[in-house]
Amino acid sequence: MKKQTQTNEDQLYIISLILLIAAAPLFKLFTILREHCVLLRLPCVLRTLTGYICPGCGGTRAVVALMHGHVWISLLYHPIVLYATLILLWFIISQSIERFSHHRLRIGLHYHSSIIVTGLIIFAVNYAIKLGAQLICHTDLLELLDTISIRFQAR
């Protein structure tokens with residue numbers, strides 16, 4: 001009998017499925033706790049101390065906007081959230097199709113370092129644009145997005 005070994009991709013697939021299944025209840029728990037727990041509403045420490053945004057500023061707002069179906073607002077707050085979500089969904093869907101077809105349809109997304117490099121580039125460009133706007137134009141893009149987001153959600 002041939003013993004099957006679990007690959008890193010198999011482990012990543014299982015973890016991705018668990019994350020996808022846990023996402024909705026965790027988001028609901030987060031929204032409930034955020035209203036009642038002061039710790040989940042604390043401002044960014046780096047921004048509070050220095051006055052400058054950190055590379056992750058806007059990430060939480062991007063997740064919340066995406067979970068409410070506001071894709072464009074999420075993209076503007078922090079594009080890495082949408083990128084990671086799309087990569088995760090494509091990985092799960094394509095791997096599921098490949099596995100259910102018993103590997104006859106070889107369409108599964110496989111790990112490649114270019115996925116990580118692309119994510120790092122998106123992360124860096126986003127930070128450079130927001131920090132540049134803050135330093136050069138004296139404009140806080142996140143506050144501007146908050147204003148747009150409030151108007152958009154009020155409709």
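Run the helix sum for the chain: -39,500 (n - 2.57) per DSSP H stretch of 4+ residues, divided by residue count, reported at 222 nm to the nearest 500 deg cm²/dmol.
Calculated at 222 nm, the ellipticity per residue is -23500 deg cm²/dmol.
Can you pull the one-decimal nm distance between simple spin-label points at residue 26 and residue 144, each 7 Å off the Cα toward Cβ?
3.2 nm
Given 0.36 nm per residue, what is the gain on full extension from residue 137 to residue 17 after removing their alpha carbon distance, in nm?
Separation in residues times 0.36 nm, less the Cα-Cα distance, equals 38.9 nm.
Is the C-alpha gyration tensor of the stretch 93-155 telling us rounded, prolate or oblate? Criteria: a/c under 1.5 is rounded; beyond that, a/b larger than b/c is prolate, otherwise oblate.
oblate
Give me the number: length gained by fully extending residue 84 to residue 110, i.e. 0.36 nm times residue separation minus the C-alpha to C-alpha distance, one decimal in nm.
7.9 nm
Calculate one ³J(HN,Hα) per residue across the stretch 131-145 by plugging θ = phi - 60° into the Karplus curve 6.51 cos²θ - 1.76 cosθ + 1.60, and present them in order as whole Hz with x for glycine and proline.
Karplus-based 3J(HN,Hα) across the stretch 131-145 equals 5, x, 4, 6, 7, 8, 9, 6, 10, 8, 5, 5, 5, 4, 5 Hz.
I'd like the Karplus ³J(HN,Hα) series for the stretch 12-28: coefficients 6.51, -1.76, 1.60, θ = phi - 60°, whole numbers in Hz, and an x wherever there's a Gly or Pro.
5, 5, 5, 4, 4, 5, 4, 4, 5, 5, 7, 4, 5, x, 5, 5, 4
Find, to one decimal place in angstroms, the Kirkwood hydrodynamic radius of the chain, where the mean of 1/r is taken over every pair of different Cα atoms and then inverted.
Roughly 18.1 Å, rounded to one decimal.
From the backbone phi of the stretch 109-115, what are the Karplus-calculated ³J(HN,Hα) couplings (6.51 cos²θ - 1.76 cosθ + 1.60, θ = phi - 60°) in whole Hz, Gly and Pro given as x?
Working through the residues one at a time gives 5, 10, 4, 8, 4, 5, 5 Hz.
Since every read-out is calculated from the coordinates, none of them should be taken as a lab result. Every value quoted in this text rests on a predicted model; they were computed, and no experiment measured them. Every residue, glycine among them, receives a Cβ derived from its backbone with ideal geometry; neighbour counts consider all protein chains shown.
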